[in-house]
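Please treat every number below as a calculation from the coordinates, not as lab data. Fair warning: this is a prediction, and the values are worked out from it, not measured in the lab. Backbone-built Cβ (ideal geometry, glycine too); neighbour counts: all protein chains shown.
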Amino acid sequence: MIAATADSFEIEKAKLCRKIAELQAALNAKDQKLRELQLAADNSLAEGEVQFAPRDQYTELSNDDIARYSRQLILTDFGVSGQLKLKNSAVLIVGLGGLGCPAAQYLASAGCGNLGLVDYDEVEPSNLHRQTLHTVSRCGISKAESARIALLELNPHCRIICYSNLLNSFNAMQIIPAYDVILDCSDNVATRYLLNDACSILQKPLVSGSALKMDGQLTVYCYGENGPCYRCIYPVPPPPEAVTNCGDGGVLGAVTGTIGALQAMEAIKVIVGLGEVLAGRMLIFDGSSCQFRNIKIRGKRPNCHVCSSEPLITGLIDYELFCGMNANDKDNALQLLEPEQRINVLDYHKLATEKKSHLLLDVRPPAEFEICQLPGAVNVPLAQILDDSYIQRFAQQLESKEYPIFVVCRRGNDSQIAVQHMKTRFPDHSVRDLEDGMHAWTKLVDQNFPIY
Amino acid sequence: MMSNNNTPDLKIILEFSAGAELLFGNIKRREISLDGTQKWTIANLLKWMHANILTERAELFIQGDTVRPGILVLINDTDWELLGELEYELQANDNVLFISTLHGG
């Protein structure tokens, strides 16, 4: 009887497993279908959206133009011909964030006739300290649209096209040909390689800016006979763990503003043929000591995969795959721990309100701990977990294997790294992390708890 | 690091920028003295840095025997690729700058 039950159990189990596998396969197929549909939708940019209507080539300035641009018209080397070149030019700005906003602002106000704005993202309150074209009332709308509204208010003569899609290997080759200069104001490695390869293949100058914390960098790729491309300088993408985004590292708005304004300046120089373009050189800005450093970088790499005379890459590839990183600066939730090594915030809250004795370690940096903390949390930055210096500090709590220890951070990624590390030393201790961190706390326990 | 009176130290300056300093105790500029009796290439310097001043995870700075992708090396403000990379022989008072590439915006 028992044997028969065991047999039928096995049969039932096998049936269920097969059914699950079938459903999984069907799910995968549907997922794939959805991705293809989405991709097709993203790529079917209508003709008129991609290209400007046949561009008028202006041969003279209007009285309005003369009044508006008088202060730059009287610049030696700029003059009427420079203004006309600008008026007839088209610049594509990829990313309407901390770099793209000031860059677009200076280009529109200087009289650049045609601007293309690419950004898949929407305006959020945490953007406003540096993304100076967006406003409180436009939170939630597309960044490209929001920027367009602001720019037209500044200069209604500017023609603007918005692309509120993620730039990808298909649409890039449709969009970029219509432009004279491309600005890389993006926030991730995959997009930087994508833009580089597209600009290299299409022979478009690429004004590349980047910023993080108090630092900024600027150079112009794919410009001039021996001007290098991004791949000449960085043939291999960096390891993902070495890449920090603004959401994690922080950034000062005045730093992105500085670099973004300089990107506009380099674009104007390229269009007008003014001065010495920053190609084959890189500007390194250290905001904390307010030092600009101009370094000499290499020229074209003779065996560059994309810009040499015998390129290996002649069409765009899958850049997320190539870089091992997504084409955005959003954080992906890590999944390092087993379910029993984690606790959800509701269960933790219950336990804490019952005043059960425990230790709550907050592994964020002190600057973040200062912003907000959970009741009773002790700040132990992740570095102190990883170098084991916490052990001495909490020797007493670590004496008992049963004493509950919880680890928390902003979103539940660093807390997992911490628990994983602590478990190598104390495998049988009760160490768990709070799933999805303080963001979950705000969502599920206390809506008045600040979110950042 | 030890030297006698006949063989002066080789003094050079190391600088770190755009976050690379975080791997080296958060110090942006150091004047260091190397043993002047031997020849110092960048390759030797990297080994010396690894052994003496690197404080964070080594793989965020070194990969194989060279710097990891995404760190630029400048010798006297010129890309080391123009100067022989790992084989460049350090001269007194050289300035070697390590810059992390930034990607944010």
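With equal scatterers on the alpha carbons only and no solvent term, can you work out the Debye log10 of I(q)/I(0) for segment A:74-223 at 0.10 1/Å?
Result of the Debye calculation: -0.33.
For A:Lys330, which aspartates and glutamates qualify as cross-link partners when the Cα separation must be under 12 Å and same-chain residues fewer than eight apart are set aside?
The qualifying aspartates and glutamates are A:Asp121, A:Asp187, A:Asp248.
If Lys and Arg each add +1 and Asp and Glu each add -1, what is the summed charge of the other residues whose beta carbon sits under 14 Å from the beta carbon of A:Arg192?
Residues near A:Arg192 contribute -4 overall.
Could you work out the local net charge near B:Leu34, counting Lys and Arg as +1, Asp and Glu as -1, over the other residues with Cβ closer than 13 Å to its Cβ? Could the numbers behind the result be given before it?
Numbers: positive: B:Lys11, B:Arg30, B:Lys39, B:Lys47; negative: B:Asp9, B:Glu31, B:Asp35, B:Glu89, B:Asp94.
Local charge sum for B:Leu34: -1.
Run the helix sum for the protein assembly as shown: -39,500 (n - 2.57) per DSSP H stretch of 4+ residues, divided by residue count, reported at 222 nm to the nearest 500 deg cm²/dmol.
Only helices count here, giving -10000 deg cm²/dmol.
Skipping prolines and chain starts, which residues have an amide H placed within reach, meaning under 5 Å, of the one on A:Tyr163, given they are 5 or more residues away or on another chain?
When sequence neighbours closer than 5 places are left aside, the close amide H contacts are A:Leu117, A:Val118, A:Asp119.
Between 0 and 90 degrees, rounded to the nearest ten: what's the tilt of helix B:42-52 against the longest Cα principal axis of chain B?
Compared with the principal axis, the helix lies near 80 degrees.
Run the dipole for the protein assembly as shown about the Cα centre, Lys and Arg Cβ at +1, Asp and Glu Cβ at -1, nothing else charged, and hand back the magnitude in debye, nearest 20.
420 debye
What translational diffusion coefficient, to the nearest whole µm²/s, does segment A:258-356 have by Stokes-Einstein, given a Kirkwood radius computed over alpha-carbon pairs, a temperature of 37 °C and 0.692 mPa s viscosity?
This corresponds to a translational diffusion coefficient of 166 µm²/s.
Given A:Leu166, A:Ser126, A:Asn155, which one lies farthest toward the positive end of the charge dipole of the protein assembly as shown, if we put +1 on the Cβ of every Lys and Arg and -1 on the Cβ of every Asp and Glu?
The residue sitting most towards the positive pole is A:Asn155.
For segment A:99-129 and segment A:196-233, write down the distance between their C-alpha centroids in whole Å.
19 Å
Using each residue's phi in segment A:399-406, evaluate 6.51 cos²θ - 1.76 cosθ + 1.60 at θ = phi - 60° and report the 3J(HN,Hα) Karplus result to the nearest Hz, with x for Gly and Pro.
Whole-Hz 3J(HN,Hα) from phi for segment A:399-406: 4, 9, 5, 7, 4, x, 10, 10.
What distance in nm separates the simple spin-label points at A:Leu351 and A:Lys30, each placed 7 Å from Cα in the Cβ direction?
So the two model labels end up 3.6 nm from each other.
If amide hydrogens are placed 1.01 Å from N in the peptide plane, which non-local residues have theirs closer than 5 Å to the one on A:Asn379?
HN-HN under 5 Å from A:Asn379: A:Asp362.
Rounded to two decimals, what is the ratio between the C-alpha radius of gyration of segment B:47-98 and 2.2 N^0.38 Å? Working shown, then result.
On the way: Rg = 11.3 Å, N = 52, 2.2 N^0.38 = 9.9 Å.
Against the compact-globule rule of thumb, the ratio is 1.14.
Within straight cross-link reach of A:Lys423, meaning Cα distance under 23 Å, which lysines are found once same-chain residues fewer than 8 apart are removed?
The qualifying lysines are A:Lys356, A:Lys401.
Please give the charge dipole size of segment B:30-103, origin at the Cα centre, charges +1 on K and R Cβ atoms and -1 on D and E Cβ atoms. Round to the nearest 20 debye.
260 debye
Mind jotting down a quarter of the surface of the convex hull over the alpha carbons of chain B, in square nanometres, one decimal? Let's see the in-between values first.
On the way: hull surface 27.2 nm².
Averaged projected area of chain B's Cα convex hull equals 6.8 nm².
Cα axis of helix A:143-154 to longest principal axis of chain A: angle in degrees, 0 to 90, nearest 10?
For helix A:143-154, the angle is close to 40 degrees.
Excluding A:Ile93 itself, what net charge comes from residues whose Cβ is under 15 Å from its Cβ, given Lys and Arg +1 and Asp and Glu -1? Numbers along the way, then the final one.
Details: positive: A:Lys143, A:Arg148, A:Arg159, A:Arg192, A:Lys204; negative: A:Asp119, A:Asp121, A:Glu145, A:Asp180, A:Asp184, A:Asp187, A:Glu266.
With Lys, Arg at +1 and Asp, Glu at -1, the net is -2.
Within a 10 angstrom radius of the beta carbon, how do A:Ser208, A:Ser288, A:Ser146 rank from fewest other beta carbons to most?
Final ranking by Cβ density, sparse to dense: A:Ser288, A:Ser146, A:Ser208.
Counting only Cα, what are the radius of gyration and maximum Cα-Cα distance Dmax of segment A:337-413, in Å?
Computed over the Cα atoms of segment A:337-413, radius of gyration and Dmax are 12.6, 33 Å.
Under a straight-distance cross-link criterion of Cα-Cα below 14 Å, which aspartates and glutamates are reachable from A:Lys269, leaving out those fewer than 8 residues away in the same chain?
Filter leaves A:Asp77, A:Asp180.
Over its Cα atoms, what ratio of radius of gyration to 2.2 N^0.38 Å does segment A:381-439 give? Walk me through the intermediate numbers first.
Working: Rg = 10.9 Å, N = 59, 2.2 N^0.38 = 10.4 Å.
In units of the globular-protein estimate, segment A:381-439 measures up at 1.05.
Which shape class applies to segment A:198-273: rounded if a/c is under 1.5, otherwise prolate when a/b exceeds b/c and oblate if not, where a ≥ b ≥ c are the square roots of the Cα gyration tensor eigenvalues?
The shape class here is oblate.
Quick check: the angle from helix A:2-43's long axis to the longest principal axis of chain A, C-alpha only, nearest 10 degrees?
10 degrees
Could you work out the percent of alpha carbon pairs in chain A separated by over 39 Å, rounded to a whole number?
37 percent
With θ set to phi - 60°, apply the Karplus curve 6.51 cos²θ - 1.76 cosθ + 1.60 along segment B:88-105 and write out the HN-Hα couplings as whole Hz, x wherever there is a Gly or Pro.
4, 9, 5, 10, 4, 6, 4, 10, 10, 10, 10, 10, 6, 7, 9, 10, x, x
For segment A:257-317 and segment A:14-28, what is the separation of their Cα centres, given in Å?
52 Å
Tell me, what is a quarter of the convex hull surface for the C-alpha atoms of segment A:56-114, in nm² with one decimal?
Mean projected area of the Cα convex hull: 4.3 nm².
Would you work out which of A:Tyr403, A:Cys290, A:Pro235 lies farthest towards the positive end of the dipole of chain A, given +1 charges on the beta-carbon of Lys and Arg and -1 on that of Asp and Glu, about the Cα centre?
A:Cys290
Rounded to whole Hz and in sequence order, give me ³J(HN,Hα) for segment A:386-395 from the Karplus expression 6.51 cos²θ - 1.76 cosθ + 1.60, θ = phi - 60°, writing x for Gly and Pro.
Per residue, the Karplus-derived 3J(HN,Hα) values read 5, 9, 6, 6, 5, 4, 5, 5, 10, 3 Hz.
Computed over the Cα atoms, what is the radius of gyration of segment A:315-356 divided by 2.2 N^0.38 Å, N being its residue count? Kindly include the intermediate steps, with their values, before the conclusion.
On the way: Rg = 18.8 Å, N = 42, 2.2 N^0.38 = 9.1 Å.
Cα-based Rg divided by the globular estimate yields 2.07.
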